[in-house]
Amino acid sequence: MEHKLPKLEYDYNVLEPFIDEATMRIHYSKHHQAYVDKLNKALEKYPKIRERSVEKLIFSLNRVPKDVRTAVKNNGGGHLNHSFFWKLLKKNTRLKGEIKKAIEKKFGSFEEFKEQFSSAALGLFGSGWAWLVMDNDKLEIITTSNQDNPLTKGKIPIIALDLWEHAYYLKYQNRRAEYIETFFHVINWNQVNDNFKNAFNFKL
Ligand code: MN
């Protein structure tokens, strides 16, 4: 089985003015594609492991042969993270339903959640991701470096924000804080709700 770039379910320009068309095009068709290609390359000589889904590879990295483990962590992680991220982006959805209740219960208010998430994202040194995850049925904000995915530590992603410069530099240059603020205009809360519900009976 070859890993493949998932179809992007919307046009490159639909997230304007928050995420610009050029960034979307390059991010999806060049960066994400490169992770997919390098993952396939890393698994070339391991036909059995090639049959595993990328979620399984990342969840059980210790079952990946040592000589390609780092390549799978980086490129499988890159593939998984971006596939997750694209689905999470949509304009004009509303925080509601179970995730609204859960966020308010855990953080006190949505504003407080936003504050804590943004501050974690801003505080990450270098390239990586900010996440809202489920850890043993509890919500938690974390960051990971590089393309590391929370699944490797048994935490289930609910929200993800790409903090690599390639995700925002064309439009925001060094203004990471502005990019983070912008992210809250394009979170697809319907997808977040689905991620939240699925996290309770997460299976691979
Ligand atoms: Mn990226």
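Just one of the listed residues (80, 89) is closer than 18 Å to residue 134 by Cα and under 19 Å from the mean Cα position of the chain (by Cα), and it is 80.
Taking the criterion of being more than 16 Å from the ligand (Cβ to nearest atom) and not in a helix (DSSP H, G or I), the residues of segment 68-100 that qualify are 90, 91, 92, 93, 94, 95, 96. I need a count of the residues in segment 11-28 that are surrounded by 13 or more Cβ atoms within 10 Å (Cβ to Cβ) and touching a residue at least 40 places away in the same chain (Cβ under 8 Å). Adding up the residues that qualify gives 9. Scan segment 119-164 for residues that are surrounded by fewer than 14 Cβ atoms within 10 Å (Cβ to Cβ) and under 20 Å from residue 70 (Cα atoms) and report the count. Final tally of qualifying residues: 4. Tallying residues that are of a type in the set (S, T, N, Q), more than 16 Å from the ligand (Cβ to nearest atom) and part of a helix (DSSP H, G or I) within segment 24-67 yields 2. Taking strands (runs of 3 or more DSSP E) as the structural unit, those lying wholly within segment 126-167 and holding at least 1 residues that are of a type in the set (S, T, N, Q) and under 15 Å from residue 116 (Cα atoms) correspond to 138-145. Right, residue 167: in contact with a His (Cβ under 7 Å, 6 or more places away or on another chain), crowded, with 18+ Cβ neighbours inside 10 Å and either modelled with pLDDT of 95 or more or farther than 26 Å from residue 75 by Cβ (or both) or not? The answer is yes for residue 167.
Please determine, by comparing only the residues of segment 170-180 that are surrounded by 14 or more Cβ atoms within 10 Å (Cβ to Cβ) and touching a residue at least 40 places away in the same chain (Cβ under 8 Å), which one is nearest to residue 99 (Cα to Cα). Top of the filtered list is 180.
Results for (1) surrounded by 12 or more Cβ atoms within 10 Å (Cβ to Cβ); (2) modelled with pLDDT of 95 or more; (3) in contact with a strand residue (DSSP E or B) (Cβ under 8 Å, 6 or more places away or on another chain); (4) under 24 Å from residue 203 (Cβ atoms), shown as yes or no for each residue.
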position	(1), (2), (3), (4)
41	yes, yes, no, no
48	no, no, no, yes
54	yes, yes, no, yes
57	yes, yes, no, yes
61	yes, yes, no, yes
64	yes, yes, no, yes
67	no, yes, no, no
74	yes, yes, no, no
77	yes, yes, no, yes
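The values are calculated or read from the model by the stated rules, or taken from the named source; none is laboratory data. The model shown is predicted, which means the values in this text are computed figures rather than measured ones. So basically every Cβ, Gly included, is an ideal-geometry build from the backbone, and we count neighbours across all protein chains shown.
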